[in-house]
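The values are calculated or read from the model by the stated rules, or taken from the named source; none is laboratory data. These figures come from a predicted structure and were not determined experimentally. Positions of Cβ are backbone-derived with ideal geometry, glycine not excepted, and every protein chain shown enters the neighbour counts. Areas reflect the complete protein model, heavy atoms only, side chains present, ligands, DNA and RNA absent. Shrake-Rupley method; radii C 1.70, N 1.55, O 1.52, S 1.80 Å.
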Amino acid sequence: MPRLQATVGASPLALAAALTLASPALATEVAPPTSLAPVTVTANRSVPELDHLPTTTESITAAQVADTINSVTIEDALRYLPNVLIRQRHIGDNQDPITTRTSGVGASARSLIYADGVLLSALIGNNNGIASPKWGLVTPDAVSRIDVLYGPFAAAYPGNSLGSVIEITTKTPTGFEASAEVQGAGQFFRKYGDHQTLGTSRVAASVGDRLGRFAFRASYNHLESDAQPLTYATAVIPAARSTAGTPVTGAYVDANRLGAPIQVMGGTAIANQVQDSVTTRLTYDLSPTLTAAYTAGFFRNDEHDTVNSYLRNAAGATVYAGAVNIDGRAYTLSSAVFSNSVYALEEDQLAQGLSLASHTGGLFDFEVVGTRFDILKSRQRIPSGALPGAFTSGPGSVVSLDDTGWMTLDAKGTYRPFGETGAHLVTFGAHADAFKLNNPRYALTDWIAGSPGATTTYSRGRTEQQALWAQDIWRLSPTLTATVGGRYEHWDAYDGLNFSASPALNTRQPTQGAWRFSPKGVLAWKPLAGWTFKSSIGVAYRFPTVQELYQSVTVGSILAVPNPNLRPEHAVSGELSAERAWSNGRVRLSLFGENIDDALISQTGQVATGPGTFAPASFVQNVDRVRTRGVELVASQDDVLVKGLELSGWITYVDAQTVRDRAFPAAVGKDLPQLPKLRASALATYRPTPRLALTLGARYSDRSFATIDNTDTYANTYQGFGSFFVADVHARYQFTPHISGDLGIDNLNDARYFLFHPFPGRTVIGSLKYTY
């Protein structure tokens, strides 16, 4: 059966013709499989194998996830794959971007995520907020396998692939199948004044069948979760003592990431979420060699966030705002300190994909894929008055992302002039995409149930991209293969608008465009059976997103748009790898490097505040050059010492620095933000009987910096990026051929650490599943 693929693409006009759908990237393969999974994969073929992609790849199947990982959401499946850290702050988090070998969690636009060819990466921004991937559009039970491709070495993908590409393949039934699952989890969180046991429940069901030429699969997932505080209300402790303000107790003394002493006055952004997801896939064989497919995913999120002030006055009442005195020092708490972290969020998202593909295996095959993603509703209501009164009523605002989304369209051909294994195998294609951001904020007289009033701020903008690409797999000899390709891209940004009622701003942004060519090359040598040596180089251009272009910053009483003419990032990436595979194991060593000119990173710069006057502010700028060098070791072995014991793991060392930065010289020679030097994980699974799988896992990361000039010297605090070592255990037992149970503990050692936000404590997870 064909799959939907990956290359982002679609222009609005082209997409309207394809059922107003449009879709992600196309692919390309190198003759030998580039790599196997850390847990050896013996099942269905990977996306790189199917699409002739020359990129180093690590993979995991649904069966491996079920046996080894405490999986509640789809993101959990990637937990032990090399250099993949998903910043999932709690179960059900929908602001959870990924790290790559060379980029941290604040660079979401430097990676691509697809499900059956439908783009889940929100390339409207490059951050860990609204630009986070739309994982919720895929139910965990729908997944067949996940492949992670490293580096921009495949011409079929746009320049956002410079970090990694994640390809999620869902199941296509060959006969009748059905499942039902119930799952529960409890997190034990202890930090400052929060001592809680937080629950999660999940129910899921799926059904699928093949009826002659027609096959279908539908999955439903319902998740309810309570989270620990994601942020804190803090204040720097003043040097001078004072008797001013109402005496209060309950605050905790700590230090901020700059090392200054602070009072921690309460936990904020404490989420309760109710989420529903539906995923469906329909395929129809128009002929023995031609298949049409339709994929759709719907996601609904109903979230309510609250706060927990630790402050108490002499009468024991909770204090949220006003002039207070803590241990003989005065503080003034605005109403926003706590009320800005109280909100109600409603989201409805819909993703669709439509494809037509031939699969003759002969001289020529083709595939056309269109996808579309729509934010049908996204409204976040926030109070502006002081608590506790604002808990139940009062003025506020609503932030909307309705009518935000993207479309893609891709056409791909595979030409085999000498057969599948002949001297040349050529793939080529065309791509188009369109992204739209629509982000107004309206005033509310009643923040809970009021209708939108006057527009207080408004940001909008669009980007489009078209591309042609081609790649030739040239088998120079039985042991030597060269893959040469290139991608020619045209990009436009337009319809940019920034409006603010106060401070005043009403700016229509200039239109801009760019043409770029990105060559790729991979040389693979297999001198002996099981050995593969590979050299890869690729150029990638990552074009600015709408949010980066049309950002606005407040400087004193002035609101300004610093630079709507940002240049695209220009990356040159390389990798040297040696891999040895045998019947029940493998090992791979990779040396990788990357230079990025005009890197798009937030840093301090000067913003015009009037004719000839400037003031410092933090905003996204083109940093002249950043450089990354690293080494990665990945290994796995089955039947270690005893039959049934499987070991796998990886370790990576990265040196990533700012090389040249004329706008902010203090950053030169400093580590890049959010990118630890040393990361590793290991997984051990023992199967004493065919029914039982016992797994012990461990994950480690060095501390990293949040700021480009590395001034955040204290990492183990709110807004810091600390080191962590986390152990997980998991047990799965197959009671009958149809009934299985899982029990596990994440963060067994109850590590307390921050990746800007506090991460979950020890969490117990159990499930019971019926499969037919």
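FRET efficiency for Thr455 and Ile651, Cβ-Cβ distance as r, R0 = 41 Å, nearest 0.05?
It comes out at approximately 0.20.
Once you list every other residue whose beta carbon is under 10 Å from the beta carbon of Phe176, what net charge do they have if Lys and Arg are +1 and Asp and Glu are -1?
-1
May I ask you to order 300-309, 255-264 by the average number of other C-beta atoms within 10 Å around their residues, highest value first?
300-309, 255-264
I want the local charge near Glu594. Using Cβ-Cβ distances under 12 Å, sum +1 for each Lys or Arg and -1 for each Asp or Glu among the other residues.
Its environment carries a net charge of +2.
Residue farthest toward the positive end of the dipole of the chain, with Cβ of Lys/Arg at +1 and Asp/Glu at -1: which of Phe614, Gly644, Ser46?
Phe614
Taking the solvent-accessible surface of protein heavy atoms with a 1.4 Å probe, what is the per residue accessible area of the chain in Å²?
Computed with neighbouring chains in place, this is 36 Å² per residue.
For the chain, calculate the relative contact order in percent as a whole number, restricting contacts to Cα pairs under 8 Å that are 6 or more residues apart.
Here the relative contact order equals 12 percent.
Whenever you get a sec, compute what percent of the accessible area on the chain sits on carbon and sulfur atoms (1.4 Å probe).
Roughly 61 percent of what the probe reaches on the chain is carbon or sulfur.
Mind listing the phi-derived Karplus ³J(HN,Hα) values for segment 371-383, rounded to whole Hz, using 6.51, -1.76 and 1.60 with θ = phi - 60°, and x for any glycine or proline?
Karplus-based 3J(HN,Hα) across segment 371-383 equals 9, 8, 10, 10, 7, 5, 8, 8, 9, 10, 9, 9, x Hz.
With label points built 7 Å along Cα→Cβ from the Cα atoms of Ala336 and Ile448, find their separation and express it in nm.
2.4 nm
For n ≥ 4 DSSP H runs only, could you compute -39500 (n - 2.57) per run for the chain, divide by its residues and tell me the 222 nm figure to the nearest 500?
My calculation for the chain gives -500 deg cm²/dmol from helical runs alone.
Determine ³J(HN,Hα), in whole Hz, for all residues of segment 681-695 in sequence, where each value follows from phi through the Karplus function 6.51 cos²θ - 1.76 cosθ + 1.60 and θ = phi - 60°; x replaces Gly and Pro.
The phi angles translate into 8, 9, 9, 10, 10, 10, 10, x, 9, x, 8, 10, 10, 10, 10 Hz.
Output ³J(HN,Hα) for segment 259-267: one whole-Hz value per residue in order, computed from phi by the Karplus curve 6.51 cos²θ - 1.76 cosθ + 1.60 with θ = phi - 60°, and x for Gly and Pro.
Per-residue couplings from phi come out as x, 7, x, 9, 9, 9, 9, x, x Hz.
Here are labelled values, [x] 40.6; [y] 43.5; [z] 32.5, and one is the computed mean projected area of the Cα convex hull in nm² for what I pasted. Which one?
[z]
Count charges around Lys526 for me, please; just the other residues with Cβ under 13 Å from its Cβ, Lys/Arg as +1, Asp/Glu as -1.
Around Lys526, the surrounding residues sum to +2.
Which pairs break 23 Å Cα to Cα here: Lys134/Lys377; Lys134/Lys171; Lys526/Lys677?
Pairs exceeding 23 Å: Lys526/Lys677.
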